[in-house]
Structure formats: C-alpha cells, structure tokens
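In what follows, a structure is listed as structure tokens, so that the remarks can point back to it.
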Amino acid sequence: MQTTSALAILGAGLAAATAMTGCVPFGGCGGVDPTDTLTFQLAAAGQSAAPAGAVGIAAADDGVWFLVPASGGFSLVEVAALGGAETRRVDVPAPGRTEAGLAWDGAALWVGLADGEAWRVDPATGAVLATVPVPAGARDLAWDGARLIAVEDVASIDAVDPATGQLVESVPVRQQDAVAAVAFHDGETWAAAAANPVLVYDPTGTLLATAASDALATGAAADEHLTFVGEDLVLLRGGQVYRYAVTR
C-alpha cells in the first residue's frame, strides 16, 4: 500500500492554489497567511542536557539518538530516555564532513551532511547503508514515513526520495518565518522558526497553527533540531533538550 506524505500532496495543489488565490503553500499570500491560524499550547515537561556538541536528535522505537561530531567523523549516541544514561555509542568515519540533522526511518538513522548528502546508517554497526543527495546547506532532517524532509538554508522545506535521491518537492517558506529545524508527526510538519517559535502545517501545506509557550526556550534558530517523543515535542538547542506537552 502506497504511503502519501504531507509534502507529496503539495505538488498537485500548488499550481491550483497559486492560480486561484495568488497564495503559495508554506508561503502565504504576499507574506500574510490567508487563514486565521490556531494556537497550540506547549507546556514545559522537562529539560535535560544533551551530549556535548550534539547537532541532531531523533526518537527511535526504543530510545532517543543524538548526532555528535567527533574527530574524523561523527558518533551516534543512544539514550533509553531523555536525561538518562548513554546506552550505546557508534562511531562513523566521515573525515572532512560537517554534520547537521538526524532522522529515524523505523530501521536505520539518516545523518544529514551540510555539503549536500544524507547517509543512511545502521545503528548497530555504524555501516553506511546508502547515500543520497540532499540540498546543500540542509540544517535538519525528518522522516515522514516514505521520504526524507530537509530544511534547506532556512528558506525551504524539501522532500527527497530516499531510494533515488530525487528532489520530490521544494516548498518555499515565508521569509519572516525562515525555519531551521523540522519534525513530522501524525501527518503534520512542525518547523521551528525565527519569527514564530514553532509552525505547524497540515497535509495540504497550509499553515495550521502556531505552537507557543511562555516557557519556550530562547536562542538562535540556526542551533535548533526537533523530534517527537510520543506525543511530546522535543527541541534540541544550545546543548539542552527541552520537552513540551502539546495541547491542541
């Protein structure tokens, strides 16, 4: 049975929406979103330290993984639960590469490389199972059940076919909502933005909601990475992990 991702639907609706309204999915209308958006509330549910230097986070079936640069490559570090002790560390050679972003596809980890590749890595052995191109400058990765989703140079959200590396969709983001981190959960794309803390898009590419909290961590957008642990949104920023319960 074929799986349809949130971004895969955008291609068919993009031309029609633009022709009829002048509005672009993820782009709004002249910089203003055409709909009144909901506001989801984020309630602080915990904070813990990440492994030093972590530049990616991904929740797996039985734990949480961090991407950590290391001499001559990078390390994949697993903890059983946020704030818990390290349970596994796998070193992967990648001399001269800069890592940014991590995603779990249900069987393996995808590591984003800032110079334009993503590696699919066996978390048990560190073996590189596949490499595919991603847009150069990608800062974070997510997995939508069928495709890699990448944030590129805080200007677009891209979907990449993991088998061929083909760029399936490239959706511009409004300049005032430039994003640096992305996660996928229950058919929704969640993006951490500079102007709005977190933006939530529905499967049509329409801005569905903003997610806000007085307790939301502050910091530079370029230093952010997102994932979901269960129903909670998890933000990695500045060496700290912030967990938020989402109220719709």
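The values are calculated or read from the model by the stated rules, or taken from the named source; none is laboratory data. Because the structure is a prediction, the values reported are computed rather than measured. Please note: Cβ atoms are built from the backbone with ideal geometry, for glycine as well, and neighbour counts cover all protein chains shown. Each accessible area value is taken on the protein alone, full model and side chains, heavy atoms only, with ligands, DNA and RNA left out. Shrake-Rupley method; radii C 1.70, N 1.55, O 1.52, S 1.80 Å.
Below is a table of values for the structure above.
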item: Computed label-point distance, nm, for sites L129 and S71 using a 7 Å Cα→Cβ extension; result: 3.0
item: Average accessible area per residue (Å²) across segment 57-208 - probe 1.4 Å, nucleic acids and ligands excluded; result: 36
item: Protein-only accessible surface order, largest first, of Y242, Y201 at 1.4 Å; result: Y242, Y201
item: Long-range amide H partners of A45 with built H, under 5 Å; result: R243, Y244, A245
item: Net +/- balance of residues flanking A80 in space, Cβ distance below 12 Å, scoring K and R +1, D and E -1; result: -3
item: Difference of contour (0.36 nm per residue) and Cα-Cα distance, A107 to A136; result: 7.9 nm
item: Full-extension gain in nm, A163 to D62, via 0.36 nm per residue minus C-alpha separation; result: 33.8 nm
item: For E117, distant residues with modelled amide H under 5 Å away; result: V134
item: Environment charge at A130 (Cβ cut-off 12 Å; Lys +1, Arg +1, Asp -1, Glu -1); result: -3
item: Distant-in-sequence amide H partners of T87 (H built 1.01 Å from N, under 5 Å); result: E78, V79, A80
item: Distance between modelled label sites at E188 and R248, nm, 7 Å Cα→Cβ extension; result: 0.6
item: Residue-wise HN-Hα coupling along segment 108-123, computed from phi with Karplus coefficients 6.51, -1.76, 1.60 (Hz; x: Gly, Pro); result: 8, 9, 9, 10, x, 10, 5, 8, x, 9, 10, 10, 8, 10, 6, x
